[in-house]
Amino acid sequence: MTAAPADVGRAPATPGPPPAEGRLLREAVRRGRAPAALVLVATALGAAAAVTLPLALGRAVDLLIARADAGFWVLLCTALIATEVATDALAARTGGRTGAATTAWLRRRALAGFLAAPPAATTGTGLPTRLTANALDAGTAPVAAATAAAAGLAPLGGLAGLFLVDPWAGAAFVCGVPLLLLILRALLRDGRAALTAYQEEQGRMARLLTGALSGAATIAAAGTVRAEERRVLAPLAGMRAAGERTWRVQGRAAGLSGALMPLLVAAVLAVGGVRLVAGHLTPGDLLALSRYAVLAAGAGALAGALNGWVRAKAGTTRLETVTTLPRTPYGTRDLPPHGDGTLTLRRVHVTRDGVPLLDSVTLSLPGGTTTAVVGRSGAGKSLLAAVAGRLTDPDEGTVHLDGTDLRTLSADALRHAVAYAFERPALFGATIADAVAVGPLPDADLRRALHRAAADTFTDRLPLGPRTPLPEAPLSGGELQRLGLARAFTRPARLLILDDATSSLDTVTAHLVDRTLTEAPGTRLTITHRLSVAARADQVVWLDGGRVRGIGPHSALWRDPAYRAVFGAGAGGDAGADASADSGTGTGTGMRTELPTDTRTDAPTETPTDMPANVRTDMRTDMRTDMRTDMRTGPRVDSGSGAVE
């Protein structure tokens, strides 16, 4: 299996029920609760040591001034400082490991949700950004929760210490606490909204950039580089506005708290100094007050801890839109054991945004036959191919394979019964063999699949054959399609669906593959623009605007000028093409005069000479037919790769 067909990928997603916001965040925190608890305990121990240290320091200073033995208190101060350092290190190490593990789990969860959803529902999800930056933020959720929960322990302990040493000094500090709480509340409210807006714009730009990179050759050929730059960079304005808003919120909070905290510390020291002069405090008490004031002023650190929690929450919200995509439901049934692959579509209707893309399509593909689907661009051919193999479900109507509704089949039964090959197959794995096999496959079966797709002719010339790493195997568009076909040939499927999967093959290779297809068991549904492929099919389904305009043999449909126009053929000048395609004889005088000399000379010499004469004749006939069509319609350029068909 490969990526979704192009027509399906362009279809807008059907809105589903709103996700249960916060569920993924709770699951992430719950998965990391054990290490998060360790972080919480370590942070609490560090806070306890930090709160105890000022008292021990003050006592040690008073004893040293009085020239008494302060050895115990000095040792206690040393132990408390060591405890702070150790707990900080433990929290940092545990937090890093937990964040990495949670991030990996979230990425697997999001990817599984993406792959389990119908292709139409995944449009515009911006998966790369969500799996990278957003997942990294979301992965900190367990530790961020523990850190935010423990961040207030040291400041609260410092405030309690102030009241314990001198209530007047504590009261002086408390006067500024309400203002600090207002600052933190504004950070939570405004910071999350600004950060979410920034991430949305970031994801939008990533989607635009991905699309531009996939069509880089077309952009260069069209000379629209500057226009594409402007289009891809358009979200920068929104990102800048959201980013500036984020930094304004954080800067305002940091600035206000940074100005407020020193003032509160100064107020505490001023009150403590007055109390010291009045004889109510000792020098050790004043030292303890200064340390407790600094701890209590650490309430500003809550802003950093809360900001981490805000980022984690925003990240999980972005990932949650992928994990809650509607999933394709499967049944539990299996296909009848001796079916021949008969496919039936009954009143299939597919609508996107109120526009009918397939309208009451009813047709039958007899078992063991080849059906070609033709039509102009946008007629719904790829969408029909997706519905036929249940890459997407119709809004109305049913699809049956050997009398069994595809929706009642289990996922394993469906994917073993239906094989796909696409116009632009995506290859996964370390080597060519991995990309073709997609799982364990004996070498003999791998070689057989490559041979059936006529792919062994170039894989055998690679340095390591099929075991050549993919990055070391530069592939043309036709070679890429042959590997996609080989992948479809690795198992005996009852239904083989080719979505324009031979469009980049040269005529000789396409003919060899077509002959292999006719010898394969099962039923074949092929989306094609090639006149010769339609001519060799057992039946042709002619789509026009999402409706079936005609079904029958190519020779019968060819009598309709509108059908001939699908292939770029005129109303009156192509009888020779019809005869050539159907009977396999004759070239037509006009064809010889239209072709340049080098084309007439090279075409026959490319035909393999070790084949039977009748095969060579048929192949030359197909080449003449395709060349006739290509000269009338002109070359077609692949919008993604720029390859000329």
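Treating the range 385-496 as a set of equal point scatterers at the Cα positions, no solvent, please give the Debye-formula log₁₀ I(q)/I(0) at q = 0.10, 0.13, 0.17, 0.23 Å⁻¹.
-0.34, -0.53, -0.81, -1.22
Over the Cα atoms of the range 382-426, each weighted equally, I'd like the Debye log10 I(q)/I(0) at q = 0.30, 0.33 Å⁻¹, rounded to two decimals.
Each listed q maps to, in turn, -1.25, -1.38.
So if I take the centroid of the Cα atoms in the range 83-127 and the same for the range 550-569, what is the distance between those two points in Å?
Taking the Cα centre of each part, the range 83-127 and the range 550-569 sit 54 Å apart.
Working out 0.36 nm times the residue gap between W247 and A101, then minus their Cα-Cα distance, what length gain in nm do you get to one decimal? Please list the in-between numbers first.
Working: separation 146, 0.36 × 146 = 52.56 nm, distance 2.92 nm.
Fully extending the segment from W247 to A101 adds 49.6 nm.
Tell me, what is the per residue accessible area of the range 487-561 in Å², probe radius 1.4 Å? Spell out each step's value before the answer.
Working: 2610 Å² over 75 residues.
Value returned for the range 487-561: 35 Å² of accessible area per residue.
Fully extended, how many nm does the chain gain between L64 and L462 (0.36 nm per residue separation, minus their Cα-Cα distance)?
Using 0.36 nm per residue and subtracting the Cα-Cα distance, I get 135.0 nm.
Quick one: which residues, 5 or more positions from T351 or on another chain, have an amide H under 5 Å from its amide H? H modelled 1.01 Å from N in the peptide plane, none for Pro or chain starts.
Those qualifying (amide H under 5 Å, at least 5 residues apart or on another chain) are L357, D395.
Grab the other residues whose beta carbon is less than 9 angstrom from that of A135, score K and R as +1, D and E as -1, and report the net.
+2
Testing the spin-label approximation: label points 7 Å from Cα along Cα→Cβ at H400 and S214. State their distance in nm.
It is 3.6 nm.
Can you list the residues, at least 5 places off or on another chain, whose amide H is less than 5 Å from the amide H of V438, using H built in the peptide plane?
none
Keeping the other protein chains in place, figure out the carbon and sulfur percent of the accessible area of the range 53-183, with a 1.4 Å probe. Before the final figure, lay out the partial values.
On the way: 4620 of 6260 Å².
Percent of accessible area from carbon and sulfur atoms in the range 53-183: 74.
For A44 and H451, FRET efficiency with R0 = 56 Å and r from the beta-carbon atoms, rounded to 0.05?
On the way: r = 67 Å, r/R0 = 1.20.
Rounded to the nearest 0.05, the efficiency is 0.25.
Express in whole angstrom the spacing between the alpha-carbon centres of the range 468-515 and the range 285-330.
So the two Cα centres are separated by 51 Å.
Name the residue from S476, A433, L462 whose Cα lies farthest towards the positive end of the charge dipole of the range 413-506, charges +1 on Cβ of Lys and Arg and -1 on Cβ of Asp and Glu.
The one lying farthest along the dipole's positive direction is A433.
Taking 0.36 nm per residue of sequence separation and subtracting the Cα-Cα distance, how much length would be gained by fully extending the chain between T362 and V85, in nm to one decimal? Don't skip to the end; give the middle numbers.
Working: separation 277, 0.36 × 277 = 99.72 nm, distance 7.37 nm.
Gain on stretching T362 to V85: 92.3 nm.
Grab the other residues whose beta carbon is less than 15 angstrom from that of P326, score K and R as +1, D and E as -1, and report the net. Let's see the in-between values first.
Details: positive: R327, R352, R390, R407; negative: E320, D393, D395.
For residues surrounding P326, the net value is +1.
In whole angstrom, note down how far apart the Cα centers of the range 206-239 and the range 44-75 are.
One Cα centre to the other: 64 Å.
Can you give me the distance in nm between label points at A149 and R23, each placed 7 Å from the Cα along the Cα-to-Cβ direction?
Inter-label distance under the simple model: 2.3 nm.
Taking amide H positions as placed in the peptide plane 1.01 Å from N, state which residues far from G550 in sequence (5 or more) or on other chains have amide H under 5 Å from it.
W542
How many nm separate the modelled label positions at L233 and A270, each set 7 Å beyond the Cα in the direction of the Cβ?
Going by the 7 Å Cα→Cβ label model, 5.3 nm.
Using θ = phi - 60° and the Karplus curve 6.51 cos²θ - 1.76 cosθ + 1.60, what whole-Hz ³J(HN,Hα) does each residue of the range 520-531 get, with Gly and Pro shown as x?
6, x, x, 9, 10, 10, 10, 8, 8, 10, 7, 5
Could you rank the peptides 167-174, 215-222, 144-151 by their average count of other C-beta atoms within 10 Å per residue, with the highest value first? List each step's numbers first, then the result.
Values: 167-174: 18.8, 215-222: 14.9, 144-151: 22.2.
The densest-packed peptide leads the list: 144-151, 167-174, 215-222.
Through the Karplus equation 6.51 cos²θ - 1.76 cosθ + 1.60, θ set to phi - 60°, convert the phi angles of the range 540-547 into ³J(HN,Hα) values in whole Hz; use x for Gly and Pro.
With coefficients 6.51, -1.76 and 1.60, one gets 10, 9, 9, 9, 8, x, x, 10 Hz.
For the range 328-340, in order, what is each residue's ³J(HN,Hα) by Karplus, 6.51 cos²θ - 1.76 cosθ + 1.60 with θ = phi - 60°, in whole Hz (x at glycine and Pro)?
Whole-Hz 3J(HN,Hα) from phi for the range 328-340: 6, x, 10, x, 10, 7, 10, 6, x, x, 10, x, 9.
The values are calculated or read from the model by the stated rules, or taken from the named source; none is laboratory data. This one's a predicted model, so the numbers in the text were calculated from it and none came from an experiment. Glycine also receives a Cβ, built like all others from the backbone with ideal geometry; neighbour counts cover every protein chain displayed. Please note that ligands, DNA and RNA were not included when accessible areas were found on the heavy atoms of the full protein model with its side chains. Shrake-Rupley method; radii C 1.70, N 1.55, O 1.52, S 1.80 Å.
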